[in-house]
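The values are calculated or read from the model by the stated rules, or taken from the named source; none is laboratory data. Everything numeric here is computed off the predicted structure, so don't read it as measured data. Note that each Cβ is placed from the backbone with ideal geometry, even for glycine, and that neighbours are counted across all protein chains shown.
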Amino acid sequence: MKMSYRDKVILIVLLVILVWAIGIMYFIKPKFESLDRTNKEYDSVVATLKKKEAQVEEEKDLKERVQAAYENANKLAAIFYDKMGTPEVSTLIDTLLDEDKIVNDSLTISPYTSTTLDFINSTPMEATTEIDKIAQRSQQLGKPVDTITSDSVQSATGPAELPVYTITFGFESKLEDIKAFFDHLLAAEQCSLIVTDCTIDDVNEEKVKGNITMVLIMVPRYSDPFAADEAAKKAAEEAGDSSES
């Protein structure tokens, strides 16, 4: 069939429109969609990068802060006794009592347990005798953990779960020796051996007899985090080398 010039022009226009539509559908539109996804991914990566940069900036002195925290923790731990077993506790108590010439009997040490260091004994004692006053002074060591400080130790905050022993024993000694024993506990560098109860049968005797209850609070010593990290890396490297061989 012979087509007129007008028909040929219309056909060409229709073909151009068809090609343009197919091009948009199968080539241009997917490219725009891909570009849009790429832009979103780029924005997400940029946001993540900025977040990481902020984190790096915030933690640029992390090593120094970890070192300071480690040193402060060790200073705080130094005013407590290190973790001990029952035989070591028994030896410690015997040594302290021997230094002040106090004879003890029926020494009893509770099983190893833990307690929240908030108040060791919040019940006030009525200071009626000199020995009560000394015991009351010793009880001041049983304050909240955030009040236990020294010149080189910053305050800790909040309750802490710590291992403890409860120690009870009968004693016989001169009254001044018991006073000296309490004074030495108060003056000791490690002040976590706390007298919670002291009874005396007769303070007028030349040698007094009674019973003492104490709480020994302990804090495990911390290892250097950087030394531990280096040791872990070295162990991992050695494990990798042995597996390859």
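Any residue at all in the range 91-103 that's polar (S, T, N, Q), assigned to a helix (DSSP H, G or I) and modelled with pLDDT of 50 or more? Yes, some residue in the range 91-103 is polar (S, T, N, Q), assigned to a helix (DSSP H, G or I) and modelled with pLDDT of 50 or more. Within the range 198-237, the set of residues being at pLDDT below 75 and farther than 30 Å from residue 116 by Cβ comprises just one member, 229. Residues of the range 139-154 include none that is assigned to a strand (DSSP E or B) and either at pLDDT 90 or above or touching a Cys at 6+ places or on another chain (Cβ under 8 Å) (or both).
Each row is one residue, and each column tells you yes or no for (1) more than 19 Å from residue 220 (Cβ to Cβ); (2) under 29 Å from the mean Cα position of the chain (by Cα); (3) not in a helix (DSSP H, G or I).
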| residue | (1), (2), (3) |
| --- | --- |
| 23 | yes, no, no |
| 41 | yes, no, no |
| 52 | yes, yes, no |
| 88 | no, yes, no |
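Considering the range 177-210, the residues that are of a type in the set (D, E, K, R) and more than 41 Å from the chain's Cα centre (by Cα) include one that is nearest to residue 80 (Cα to Cα), namely 209. Going by what's in this entry, would residue 86 be described as closer than 26 Å to residue 112 by Cβ, touching a residue at least 40 places away in the same chain (Cβ under 8 Å), assigned by TED's automatic domain parsing to the domain that holds residue 163 and exposed (fewer than 14 other Cβ atoms within 10 Å of the Cβ)? It is true that residue 86 is closer than 26 Å to residue 112 by Cβ, touching a residue at least 40 places away in the same chain (Cβ under 8 Å), assigned by TED's automatic domain parsing to the domain that holds residue 163 and exposed (fewer than 14 other Cβ atoms within 10 Å of the Cβ).
Tallying residues that are farther than 19 Å from residue 169 by Cα and in a helix (DSSP H, G or I) within the range 55-86 yields 20.
Inside the range 181-234, residues that are in a helix (DSSP H, G or I) and either without any contact (Cβ under 8 Å) to a residue 24 or more places away in the chain or crowded, with 16+ Cβ neighbours inside 10 Å (or both) make up a count of 12. Residues that are assigned to a helix (DSSP H, G or I) and under 14 Å from residue 207 (Cα atoms) within the range 167-180 comprise 175, 176, 177, 178, 179, listed in sequence order.
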